[in-house]
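Some notes on the structure that comes next.
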Amino acid sequence: MSAIIIDGNAIAKVVRAKWKERVVRLREEGVQPGLAVLIVGSDPASQIYVRRKVKACEDLGIHSERHEFSATAAEEEVLDRILQLNVDPAIHGILVQLPLPAHFRSRRLLEAIAIEKDVDGFNLYNVGALVAGDTIFPPCTPYGVQCILEYSRIPISGQNVVVVGASNIVGKPMAMLLMRQEATVAICHLKTRDLAQFTILADILVVAAGKPNLITAPMVKTGAVVIDVGINRMPNGRLVGDVDFDAVARKASYITPVPGGVGPMTVTMLLVNTIKSAERIAKVDIARESA
């Protein structure tokens, strides 16, 4: 067996074209979707990610703002900027680029973002709503994985899913999203004994552990769908995922590459959430005007 390689860039292009039409409609109604990205420090990877997000906004006609702070900036300075953006009518989505310098309390800043502008889905309200099955903004990476499965016409309901990695950003919300679609989900983490005994049972295996080549071919069931969320830079500069791609691709039915798999969809779903936010806020404003 040789797996079908899922092209995240191609799916992202289709999704963005669909949502660009909604941006056009919003602008015709006098609403310009806007996203503000806050970045603290000069971490090279974070700078690259922010540039990609700003460029993606430009391509879809979304107004974007980049708010940069030095690594030695005070937490209160960034917090004040978030509070200003919360009431800025030109901004519909606010994103704090992670990771932050060690002296910052990330949770405090994330909780300061207005719920209706929390397009990264990290506010505790959105996290709780995700558990309850009524989230406003799903976290972008799990949302992107869900979209990949849907566009690839991979059934989710009734499937055994194993998520490797239990982070608040990917693993836990990924499990919640797939459970909502009636999958049976197991989450594995650092303390999981004999990881292979779980992964070998997965119809769909989602790996977000941050450890290069963690998943090898003997750990994967023949015909499984393998979604590799990991991205690791090797000493030679090469980017690899958490899955031994070449070996697992000979055993899986579908697999995402790194790069070019989940990554483009993470940025795409950020744009989707921003457009949704603009639509929601516009409806609220119209309702107020007509009241």
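Let me spell out the model: positive unit charges on the Cβ of Lys and Arg, negative unit charges on the Cβ of Asp and Glu, origin at the Cα centre of the stretch 6-64. What dipole size does that give, in debye rounded to 20?
100 debye
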*asked:* Ignoring everything except DSSP H segments at least 4 long, calculate the 222 nm mean residue ellipticity for the chain; use -39,500 (n - 2.57) per segment, divide by total residues, nearest 500.
replied: -13500 deg cm²/dmol
*Tally the DSSP beta bridges in the chain and give the antiparallel ones as a percent, rounded to 5.*
5 percent
*Normalised by the residues of the stretch 140-263, what does the relative contact order come to in percent, with Cα pairs under 8 Å and at least six apart?*
22 percent
_Translational D in µm²/s for the stretch 32-115 (Stokes-Einstein at 37 °C, 0.692 mPa s, Kirkwood Rh from C-alpha pairs)_ = 252 µm²/s
_Suppose R0 equals 25 Å. What FRET efficiency, 1/(1 + (r/R0)^6) with r the Cβ-Cβ distance, do residue 45 and residue 65 give to the nearest 0.05?_
0.75
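Taking the Cα centre of the chain as the origin, how large is its charge dipole in debye, to the nearest 20, when only Lys and Arg (+1) and Asp and Glu (-1) carry charge on their Cβ atoms? Each step should come with its number before you reach the end.
Values: 32 positive and 30 negative charges, 129 e Å.
The calculated dipole for the chain is roughly 620 debye.
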*Choose one of 62, 48, 79: the residue whose Cα lies farthest towards the positive end of the charge dipole of the stretch 32-115 (beta-carbon charges +1 Lys, Arg; -1 Asp, Glu; about the Cα centre).*
48
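Quote the relative contact order of the chain in percent (integer), defining contacts as alpha-carbon pairs under 8 Å separated by 6+ residues.
Once normalised by length, the contact order is 22 percent.
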*FRET efficiency, 1/(1 + (r/R0)^6) with R0 35 Å, evaluated for residue 7 and residue 90 via beta carbons*: 0.50
*asked:* Just to be sure I understand: with springs between alpha-carbon atoms less than 10 Å apart, which residue in 65, 279, 76 has the highest mean-square fluctuation in the Gaussian network model of the chain?
replied: 76
*Inter-site label distance for residue 29 and residue 190 at 7 Å from Cα along Cβ, in nm*: 4.6 nm
*What's the local net charge at residue 244, with K and R +1, D and E -1, over the other residues with C-beta under 13 Å away?*
0
_Environment charge at residue 36 (Cβ cut-off 11 Å; Lys +1, Arg +1, Asp -1, Glu -1)_ = +2
*For the residues 125, 254, what sequence is obtained by ranking on other C-beta atoms within 10 Å, fewest first?*
125, 254
*Report, for the stretch 120-246, the % of DSSP beta bridges that are antiparallel, rounded to 5.*
10 percent
*Extending each Cα 7 Å along its Cβ direction at residue 20 and residue 153, get the distance between those two points in nm, one decimal.*
2.5 nm
*Relative contact order for the stretch 96-148: what is it in percent, counting Cα pairs under 8 Å that are at least 6 residues apart?*
25 percent
*Using label points projected 7 Å from each Cα along Cα→Cβ, tell me how many nm separate residue 74 and residue 238, to one decimal.*
4.9 nm
_DSSP-assigned coil residues among trypsin sites (Lys or Arg not before Pro) in the stretch 78-179, each with at most 13 further Cβ atoms within 10 Å_ = 105, 153
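Only the coordinates and a few stated rules stand behind these numbers; no lab work does. As the structure is a prediction and not an experimental result, all values here were calculated from the model. Ideal geometry is used to build each Cβ from the backbone, glycine not excepted, and the neighbour counts take in all protein chains shown.
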